[in-house]
Amino acid sequence: MSQSRPTQHEIDVYSGHVILNGGDQVKAWRLTFPDSKAMPETQHTKASLMHNSEKVQKRIKELQSEQAEKDKEEFDLTAEQVKKMLVTVYKKSIKDKVDQGGNLIAVAPAAAVSALSEINKMNGYNAPKKIDHTSKDGSMTPQQGQTIDASKLSTETLKDLMQARNDAKSDE
């Protein structure tokens with residue numbers, strides 16, 4: 001951000017990217033500030049703070065309303081009508097047909113998954129997942145020297161480990 005508060009231009013750009021990227025706040029933030037050197041966890045924090053600001057929320061709603069009006073004019077469809085169409089696609093896609101051999105086959109499972117994915121996006125259920133990459137000590141450094149207590153392993157597991165070690169040595 002150019003200052004501690006985003007400019008109106010940054011709000012507009014960020015809000016547009018949020019909509020274009022299915023609500024992915026971090027991706028929208030990265031596209032808005034491509035020259036940022038912020039670490040991923042900092043980007044996540046900044047994106048969240050920006051996204052939750054009143055001005056950004058207001059602009060996102062404005063853009064969504066504008067897009068809904070454009071869609072209605074262009075396609076003469078409302079969001080609810082689009083959802084109903086996707087539900088129809090989903091229902092038709094999961095119906096099974098019987099082939100010549102009498103086996104059940106799915107009509108179009110990929111279409112069903114795609115329809116559900118779009119419905120989820122429209123309903124806002126596709127929130128990005130936050131993955132914690134920190135170690136137990138809070139750092140980003142992998143722990144060294146972790147050991148396995150062999151006395152707690154079953155005989156079968158020990159045999160499997162020994163076989164894997166022997167296989168690895170023979171491959172060398």
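The values are calculated or read from the model by the stated rules, or taken from the named source; none is laboratory data. Note that the structure is predicted; figures quoted are calculated from it, not measured. No Cβ is skipped: glycine too gets one built from the backbone with ideal geometry, and neighbour counts run over all protein chains shown.
Which residues, counting only those in segment 11-44, are within 16 Å of residue 62 (Cβ to Cβ) and touching a helix residue (DSSP H, G or I) at 6+ places or on another chain (Cβ under 6 Å)?
Of everything in segment 11-44, those that are within 16 Å of residue 62 (Cβ to Cβ) and touching a helix residue (DSSP H, G or I) at 6+ places or on another chain (Cβ under 6 Å) turn out to be 11, 13, 14, 15, 17, 18, 19, 28.
Looking at (1) out of contact with any helix residue (DSSP H, G or I) (no Cβ under 8 Å at 6 or more places or on another chain); (2) modelled with pLDDT of 80 or more, find the lone condition where residue 68 falls short.
(1) is the only condition that residue 68 fails.
Do we find that residue 151 is more than 30 Å from residue 41 (Cα to Cα), of a type in the set (Gly, Ala, Ser), assigned to a helix (DSSP H, G or I) and modelled with pLDDT of 75 or more in this structure?
Spelling it out, residue 151 is indeed more than 30 Å from residue 41 (Cα to Cα), of a type in the set (Gly, Ala, Ser), assigned to a helix (DSSP H, G or I) and modelled with pLDDT of 75 or more.
Looking at the structure I just gave you, is residue 71 over 15 Å from residue 10 (Cβ atoms) and either surrounded by fewer than 11 Cβ atoms within 10 Å (Cβ to Cβ) or not assigned by TED's automatic domain parsing to the domain that holds residue 25 (or both)?
no
From the list 42, 32, 88, exactly one residue is surrounded by 10 or more Cβ atoms within 10 Å (Cβ to Cβ), touching a His at 6+ places or on another chain (Cβ under 8 Å) and either farther than 28 Å from residue 8 by Cα or of a type in the set (S, T, N, Q) (or both). Which is it?
32
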